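In what follows, a structure is listed as structure tokens, so that the remarks can point back to it.
The values are calculated or read from the model by the stated rules, or taken from the named source; none is laboratory data. Note that this is a predicted model, so its numbers are computed, not measured. Using ideal geometry, Cβ is built from the backbone for each residue, glycine included, and neighbour counts are taken over all protein chains shown.
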Amino acid sequence: MTLPAFFAREGRELMLEGVALNEIVARFGSPTYVYSRAAITAAFAAYRDGLGNYPGLICYAVKANSNLAVLDCLARLGAGFDIVSGGELQRVLRAGGLAKRVIFSGVGKTDAEIEAALGANIRCFNIESEAEIEKIAAAARRLGVVAPVSLRINPDVDPLTHPYIATGMKESKFGIAHADAIALYRKAKAFEELEVVGIDCHIGSQMLDEEPLIESLDRLLDLVDSLAAEGIALSHIDLGGGLGVRYRDEQSVAISEFVATVTKRIARWQALRRDTSAIELLLEPGRSIVANAGVLLTQVEYLKCGSKNFAVVDAAMNDLLRPALYDAWHDIVPLGAPGHGAQKRVWDVVGPVCESGDWLAHDRELEIAPGDALGILSAGAYAMVMASNYNSRGRAAEVMVDGGNCYLVRARETIDDLLLGEARLPM
């Protein structure tokens, strides 16, 4: 098994940026999410390097991991941010992100969220329906401002990924049908409260083949040509995100090479048009920046042997929903040498939640004993952000490792945190 970047073994000890993960368990308890600042920085740099001198903005998809320290790290690197809620906007601003680098996506923006985003002076709204054109125009009219907008086009391209995370097919709730794009651009252009600035698409997530993205880009470029003929000139193309990562044995697309391929394709398109002005490229990566920067630490509570062997750990589906939701694979590795009386068997790694679907891994060969600590790899994306308090379980702590230092960036929830705001009946 190949460990993600910045993870390494020193003897039997699993290290992250030179820090022993067993020491983090001893200091902060378990379950605990741990993130590597160096890994986040390196992944973002790969996108930036791929752009080279081409004008563009890398807008991190906040939904992948919205911890303030993660957002702070990316804001310091000059990232933009792709948000899908008013709460995510507030997180970005509190983490030091700039509103002028924020793109607001999502199919269900409320009046309050739209007005908050207009008040913050965000860069752009990605509009996902005809009704949203009217709603954003009305909000801008109430506030006496002009709203910058882009239309998210559904290019009906198969992203070749899990159906739950495919967003670019015609059956998807996301985006505007390709066939309706021209008419709705005309409608948006007619509102004096709207400034049409771009075109956007996002066809899915965990894509391991770049061809669907390139096909989507070509369909967007054709639309840009058609819009130009209508007198609607755009200043940016947003290709969304979705590049896959290695969870098990997948061969993921090299980030910098993919981005360079995209910029070269746009440059060739402009050359054919004899257009000397460079249209800006926006990208919205999430998983590919943070997934392999994170690990979920957990401890073995019980070993239960029989016709099926179960390793019951203190993490559960409320901490990592992806296996139960997507049948997703996460590598699970010991943090150190096995404890006294360890048993080497094939285990189902499960949590204490009262659901048969509460499993983290099936059929893993591990030599473990109660009390041993394990690392669930590739847990930097869609782990904590999807966590819940099911069974009245407090959400786990979050720790950032930064060059040999460890920082608690979110305290473990207590029962008092869970009960805050609740009340008994008065009589």
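Return yes or no: is residue 385 under 29 Å from residue 5 (Cα atoms), under 25 Å from the mean Cα position of the chain (by Cα) and not in a helix (DSSP H, G or I)? So residue 385 does not fit the description; no. Of all residues in region 1-42, those being surrounded by fewer than 20 Cβ atoms within 10 Å (Cβ to Cβ), assigned to a helix (DSSP H, G or I) and small (Gly, Ala, Ser) number 3.
Could you list, in sequence order, the residues of region 205-233 that are of a type in the set (Gly, Ala, Ser) and either surrounded by 20 or more Cβ atoms within 10 Å (Cβ to Cβ) or not assigned by TED's automatic domain parsing to the domain that holds residue 124 (or both)? Selection gives 205, 216. Taken together, 252, 256 contain a single residue that is part of a loop (DSSP other than H, G, I, E, B), of a type in the set (Gly, Ala, Ser) and at negative phi, which is 252. Candidates in region 349-360 are the residues that are touching an Asp or Glu at 6+ places or on another chain (Cβ under 7 Å) and in a strand (DSSP E or B); of these, the one that is surrounded by the fewest Cβ atoms within 10 Å (Cβ to Cβ) is 359.
Quick check on region 74-84: of everything there that is in contact with a strand residue (DSSP E or B) (Cβ under 9 Å, 6 or more places away or on another chain) and free of Cβ contacts under 8 Å to residues at least 60 places away in the same chain, which residue is nearest to residue 41 (Cα to Cα)? Only one residue tops the list, namely 77.
Pairing residues of region 263-276 that are over 20 Å from residue 210 (Cβ atoms) with residues that are part of a helix (DSSP H, G or I), at Cβ distances under 8 Å and at least 6 apart in sequence or on separate chains, gives 273/225; 276/270. Of 62, 19, all but one fail to be hydrophobic (A, V, I, L, M, F, W, C) and either outside the structural domain of residue 385 (by TED's automatic domain parsing) or without any contact (Cβ under 8 Å) to a residue 24 or more places away in the chain (or both); the exception is 62.
Residue-by-condition table, conditions (1) assigned by TED's automatic domain parsing to the domain that holds residue 151; (2) surrounded by fewer than 24 Cβ atoms within 10 Å (Cβ to Cβ); (3) of a type in the set (A, V, I, L, M); (4) farther than 29 Å from residue 338 by Cα:
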residue	(1), (2), (3), (4)
235	yes, yes, no, yes
249	yes, yes, no, no
253	yes, yes, yes, yes
267	yes, yes, yes, yes
275	yes, yes, no, yes
306	no, yes, no, no
309	no, yes, no, no
313	no, no, yes, no
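Can you find, within region 196-230, the residue that is farthest from residue 253 (Cα to Cα) among those that are over 28 Å from the mean Cα position of the chain (by Cα) and not in a loop (DSSP other than H, G, I, E, B)? Among those that are over 28 Å from the mean Cα position of the chain (by Cα) and not in a loop (DSSP other than H, G, I, E, B), it is 229.
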